[in-house]
Amino acid sequence: MGFIALGINHKTAGVEVRERLAFAPEQLPDALQRLREETATQEVAILSTCNRTELYCAQDQLDAESLVAWVAAFHGMTADEVRRCSYLHQDAGAVNHMMRVAAGLDSMVLGEPQILGQMKDAWQAARTAGTLGPYLDRLFQSTFNMAKQVRTDTRIGENPVSVAFAAVSLAKQIFSDLRRSTALLIGAGETIGLVARHLHDQGVGKIIVANRTLERAEMLAEPLGGQSILLSQISDVLGECDVVISSTASQLPILGKGAVERALKQRKHKPMFMVDIAVPRDIEPEVGDLADVYLYSVDDLHQVIEENMRSRQGAANAAERLIEVGTDDFMQRLRALAAVDVLRDYRTKAEMLRDQELLKAQQKLERGMDPSQVLAEMARGLTNKLLHDPSVQLKQMSAQGRVEALALAQELFALGSPAAGATAVQADTPLRDAAPVRSTPGAVHTLLQGKQ
């Protein structure tokens, strides 16, 4: 089983492309099921945030092209369009990438903690949809543990930098005294929750939270002394709002140019600062053309974020080293699991041969044969059957010049020093050019003489 991580992020695609390739929460169950049914994918999870869309897949035979084609078809794009802005990681590279993402090392805001919760949501969505198998589940658990270790063992999370923090920092630059400002927050998810707390800590005058359900808005607004409203009531309060920050999962814009124009008239063209963190966007891009409106998207926050990232770079270097070790450890454990599968299959085969010989022995005893003779024949028969297939395979590989197989057999069966034939070819001789081994003295030779 191999792993693939295929995706786009804020480094490879602009917001226009990212919103086209985003998966809305209500789309995920169907998308997960279809992806598994329509491609050669056994296990799959999808991570979709404002800054990235990524597919994490486990496949017997890695086939990235089919994933690219599927993503393109699902979102009504061409495969070339997806290919141009996407990146691909396989096996150890995919493991390393997932760990880096979960630790916040691949985020726009270096070390931001929200991505770990979003990855856990992706894991839970795949689990609920039934597309999370044992291999991918094990990888997610190792990824979560690594993110926790990075957070604990490095200082990457000490300075509070995030998209939410950057948005509030920009607001402070536009309005030097937030205590006299009113902020409208659209949505009630984790990002808006962080924005609300940052604004509250900065002493913003008033907070209004608008959401599709009033209960969620109240849960966020009440502890901060704010007001909660429905999305349909935004036009009633927009005119009094100096700061508007939006982050919902809506597939259609929440705020249009006309609504903002009416609000500006009510405000007598007093400036409005607006940040659209959502993908797809909540605020029509044309709103940015209006005078007295400062509209920023997540991409526009990049400069603010970069200044706050510098303090985390040293910690990020230490985190990278931890993740390299974690990747190697996971791949070693994965290879050990593959050995377990082989051992289980061989044990099943050995037990079948044992039962066959035991049945023969019992039948001979029932016919009155000498028990000592029966036991000797059973032991000889079982030994020959257990050695038959390995002997045939070793002889065949030896005749083909695959001398490395003889050395592996020595090690596998704990037979001592390598066979003489295994030392006849220099280490830098291509195996395809190696001469067939004509004699196999030593323990391997003895093994090959077993009764066929």
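Derivation of every value follows stated rules applied to the coordinates shown; laboratory data play no part. Remember, it's a predicted structure, so these values are computed and weren't measured experimentally. In this analysis, Cβ positions are derived from the backbone assuming ideal geometry, glycine residues included, and neighbour counts consider all displayed protein chains.
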Förster radius 60 Å - calculated FRET efficiency between Q393 and S311 (Cβ-Cβ, nearest 0.05): 0.50
DSSP bridge orientation in the chain - percent antiparallel, rounded to nearest 5: 45
Under 26 Å from the Cα of K349 - lysines, other chains or at least 8 residues apart: K360, K364, K385, K395, K451
Loop-resident sites, the stretch 208-317, for trypsin sites (Lys or Arg not before Pro), counting at most 11 other Cβ within 10 Å (DSSP): K268
Overall form of the stretch 163-310 per C-alpha gyration tensor (a/c, 1.5; a/b vs b/c): rounded
Loop-located chymotrypsin sites (Phe, Trp or Tyr not before Pro) in the stretch 1-56, at most 13 other Cβ atoms within 10 Å (DSSP): none
Contour excess over end-to-end distance, with Cα ends at N145 and V325 and 0.36 nm allotted per residue: 63.5 nm
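Neighbouring Cβ atoms within 10 Å as the yardstick, rank S107, S372 fewest first.
Ranked by crowding around the Cβ, least crowded first: S372, S107.
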FRET efficiency for Q202 and Q332, using Cβ-Cβ distance with R0 set to 51 Å, rounded to 0.05: 0.60
Nearby aspartates and glutamates by direct alpha-carbon distance to K120 (threshold 12 angstrom, same-chain neighbours under 8 apart not counted): D137
On Cα atoms only, tilt of 134-153 relative to the major axis of the chain in degrees: 60
Reach of K265 by Cα under 27 Å, taken over lysines that are not fewer than 8 positions away in the same chain: K172, K206, K257
Length added when fully stretched, Q61-R34, from 0.36 nm per residue minus Cα-Cα: 7.9 nm
Exposure proxy order (Cβ contacts within 10 Å, fewest to most) of V275, V293, V374: V374, V293, V275
Sites matching trypsin sites (Lys or Arg not before Pro) across the stretch 84-165 that sit in DSSP coil, with at most 16 neighbouring C-beta atoms within 10 Å: R155
